[in-house]
1. Show me, for the range 57-72, the HN-Hα J-couplings you get by feeding each phi into the Karplus relation (A = 6.51, B = -1.76, C = 1.60, θ = phi - 60°), rounded to Hz, glycine and proline as x.
2. Based on Cβ point charges of +1 for Lys and Arg and -1 for Asp and Glu, what charge dipole magnitude is obtained for the range 1-140 about its Cα centre, in debye rounded to the nearest 20?
3. Taking K and R as +1 and D and E as -1, what net charge do the other residues with C-beta under 15 Å from the C-beta of residue 87 add up to?
4. Please arrange 47, 188 by accessible surface area, largest first, computed with a 1.4 Å probe and ligands excluded.
5. Net charge near residue 71: determine it from the other residues with C-beta under 14 Å of the C-beta of residue 71, scoring Lys and Arg +1 and Asp and Glu -1.
6. Expressed as a rounded percentage, what relative contact order does the range 1-143 have, with Cα pairs under 8 Å and six or more residues apart?
7. From the protein chains alone at 1.4 Å, what is the descending order of accessible area for 194, 36, largest first?
8. Any chance you could look up the accessible area of residue 155 with a 1.4 Å probe, heavy atoms only, rounded to 10 Å²?
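The values are calculated or read from the model by the stated rules, or taken from the named source; none is laboratory data. Since the structure is predicted, the reported quantities are computational estimates derived from the model, not experimental observations. In this analysis, Cβ positions are derived from the backbone assuming ideal geometry, glycine residues included, and neighbour counts consider all displayed protein chains. Side chains included, ligands, DNA and RNA excluded: accessible areas come from the protein's heavy atoms. Shrake-Rupley method; radii C 1.70, N 1.55, O 1.52, S 1.80 Å.
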Amino acid sequence: MVGQVAAKAVRQPLSRERVLAAAVALADAEGVKALTMRRLAADLGVEAMSLYHHLPAKEALLDGVVETVVAEIGAAAVGGNATNGGDEDWRTRLRRQFLAARQIMLRHPWMPGLLGSRRTIPVGLYAYYDGIVGTLLGAGFSHRLAHRAMHALGSLPLGFAQEIFSPSSAGGSMEDDVAEADLAAMAEALPHLTAMVATEIHDVTDPTLGWCDGQTEFEFTLDLILGGLERLRA
């Protein structure tokens, strides 16, 4: 009895932040599909019903998880800008910021799929993109060119290249070996794609986020767009 009282006394109070941190950790360890209220409650050592005081439904939990990772991206951008001050040109600043976002996505590889499944835009993204537009305007971009730049960049500011095809609405991604096997089976009908894939086998040391979103391709695309925008700005 005394031990139970002591355990209750030292138990960390349940909060929305603590629940979401545990949810992100669970998704990192076992994937989004493992993220259920019952499993999360077990990890936290509480009853599942107690979670509903902080997150009223599974969708609210998933929205909160997305908000938590988006906040990580925003914090990385702010921290990087504070560290580097105003010495960077606009391309260097955005490139650093987007690569920092990618490192966060690589820590949470389920995030691109989950983000794409949400019905609303996480609030934190508005401030994040506002900062990007501010960087462009500060570099001399017109509002029109800044708008078009955002379209061209797509999901790159969030650290991943958006996939058109994904077998799952949340956390899914096309695996390289599966996609390449499909192409190999159709080699005669798709000679150009097959030859390209055979030539461009991903380096095992190159971190990927889903099908054909390796670090090398990500940086190539990012540099291509930023270089093109610089020419238009001039």
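1. 7, 4, 5, 5, 5, 5, 4, x, 4, 4, 4, 5, 6, 4, 5, 4
2. The dipole of the range 1-140 has a size of about 280 debye.
3. +2
4. From most accessible down to least: 188, 47.
5. That sum, taken over residues with Cβ under 14 Å, equals -2.
6. Working: 88 pairs, mean separation 35.4, N = 143.
Taking the mean separation of contacting Cα pairs over the length of the range 1-143, I get 25 percent.
7. Accessible-area ranking of 194, 36, largest first: 36, 194.
8. 20 Å²
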